[in-house]
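Every read-out reported here was derived from the displayed coordinates using simple, explicitly stated rules and does not represent laboratory data. Since this is a predicted model, take the numbers as computed values, not measurements. Backbone-built Cβ (ideal geometry, glycine too); neighbour counts: all protein chains shown.
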Amino acid sequence: MTPSLVATERDGRVLVITLQREHKRNAVDRALADALDAALNTLDADPDIFAGVLTGGRTVFCAGSDLTSGGDYVTERGGEYGIIRRRRRKPLIAAVEGVALGGGMEIVLACDMVVAASDASFGLPEVVRGVLPTCGALFRALQVLPPNLARELVMTGQPMNAARAYEAGLVNALAQPGDALAQALQLARCIAANAPLSVQASLGAMNGVLALADAAGWEFTRAALGAIAGSQDAHEGVRAFLEKRVPVWTGR
């Protein structure tokens with residue numbers, strides 16, 4: 001049998017969702033996006049589940065898009081990766097071990113809270129490859145980080161360690177390496193002990209306020225993508241990454 005790409009497990013009123021493509025650093029392709037979409041449908045639809053935790057396992061959270069997928073990772077309900085454009089009713093906490101890079105960080109930004117291992121790191125390395133973040137980071141990073149730090153992440157492509165992410169407000173709590181899931185579960189259980197309709201209504205109101213800016217954010221992201229689409233540098237960056245060499249930029 002083909003192993004499941006996403007595992008779900010109940011912990012009382014909490015649903016734990018685990019990405020299980022660690023041999024590819026949980027890079028998202030069509031199959032993983034569909035499996036994550038289905039798990040999040042369960043989170044929203046099951047009336048006995050009050051909160052969720054999303055983890056990539058004990059070694060890595062998610063390295064972003066599988067470049068061999070050709071962008072084929074969009075679901076009808078969730079958008080990119082099955083989560084980026086999803087309107088969820090119930091809180092979802094990211095439990096981050098290892099790296100959350102590119103689309104992996106954009107998945108983190110699509111969650112409501114973040115618990116990270118002290119040795120975890122977050123990054124948006126797209127410019128290093130001649131492309132740019134297309135799954136919400138260009139505007140969501142500005143919602144949770146100081147603008148100058150968001151610009152640094154996007155324009156240098158260099159990762160940020162968990163301690164700095166915590167100090168900047170991206171991360172709610174730091175855990176010992178290997179304990180991010182356990183600490184995220186504690187937070188989720190605390191939320192799940194409260195009145196579910198009150199929690200869901202509060203989450204809907206807060207996320208609704210943030211979503212008011214999403215339309216403009218997506219429009220500016222499309223414009224930025226249009227500025228580099230088909231460029232020589234975009235092709236060179238991806239080729240160099242796949243060929244494991246330093247890219248040669250031309251500015252064209």
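The spread of Cα positions in segment 59-181, taken along each principal axis and listed from longest to shortest, comes to 35, 33, 27 Å. Less than 5 angstrom separates the built amide H of ALA94 from those of LEU54, ASP112, MET113, VAL114, VAL115, all sequence-distant by 5 or more or on a different chain.
On a per residue basis, the convex hull of the C-alpha atoms belonging to the chain measures out at 126 Å³.
Loop-resident trypsin sites (Lys or Arg not before Pro) (DSSP state other than H, G, I, E or B) in segment 68-123 with no more than 13 further Cβ atoms inside 10 Å of their Cβ: ARG87. Based on alpha-carbon atoms, the Kirkwood radius and the radius of gyration of segment 149-252 give Rg/Rh equal to 1.10.
Taking the square roots of five times each eigenvalue of the Cα gyration tensor of segment 205-252, the equivalent ellipsoid has semi-axes of 33, 13, 6 Å, listed largest first. Here's how it looks for VAL28: its modeled amide H is under 5 Å from those of GLY64, SER65, ASP66, which are all 5 or more places away or on a different chain. Distances between placed amide hydrogens fall under 5 Å for ARG85 paired with GLY79, GLU80, all partners being 5 or more residues away or on another chain.
Helix 214-228 and the longest principal axis of the Cα set of the chain meet at an angle near 20°.
Classify segment 74-135 from the C-alpha gyration tensor, please: rounded if a/c falls under 1.5, else prolate or oblate depending on whether a/b exceeds b/c. All intermediate terms of the calculation are to be shown ahead of the outcome.
On the way: a/c = 2.98, a/b = 1.10, b/c = 2.71.
Because a/c hits 1.5 or more and a/b fails to exceed b/c, segment 74-135 counts as oblate.
Note on segment 1-70: semi-axes of the ellipsoid equivalent to its C-alpha gyration tensor, largest first and rounded to whole Å, are 23, 13, 10. How much of the calculated P(r) for segment 43-85 lies past 14 Å, in percent of all Cα pairs? So the portion of pairs separated by more than 14 Å is 65 percent. Highest mean packing first, where packing is the average number of other Cβ atoms within 10 Å per residue, the peptides 94-107, 124-137, 230-243, 171-184 line up as 94-107, 124-137, 171-184, 230-243.
Relative to the longest principal axis of the Cα atoms of the chain, the long axis of helix 196-211 makes an angle of roughly 20 degrees. Karplus-derived 3J(HN,Hα) values for segment 116-127, using 6.51 cos²θ - 1.76 cosθ + 1.60 with θ = phi - 60°, are 10, 5, 5, 9, 6, 8, 10, x, 10, x, 4, 5 Hz; glycine and proline are entered as x. When each pair of different Cα atoms in segment 122-203 is counted once in the 1/r mean, what is the Kirkwood radius in angstroms, to one decimal? By the Kirkwood definition, the hydrodynamic radius is 14.8 Å.
In this rough spin-label picture, where each label sits 7 Å from Cα along the Cβ direction, the ASN161-ASP48 distance is 4.4 nm.
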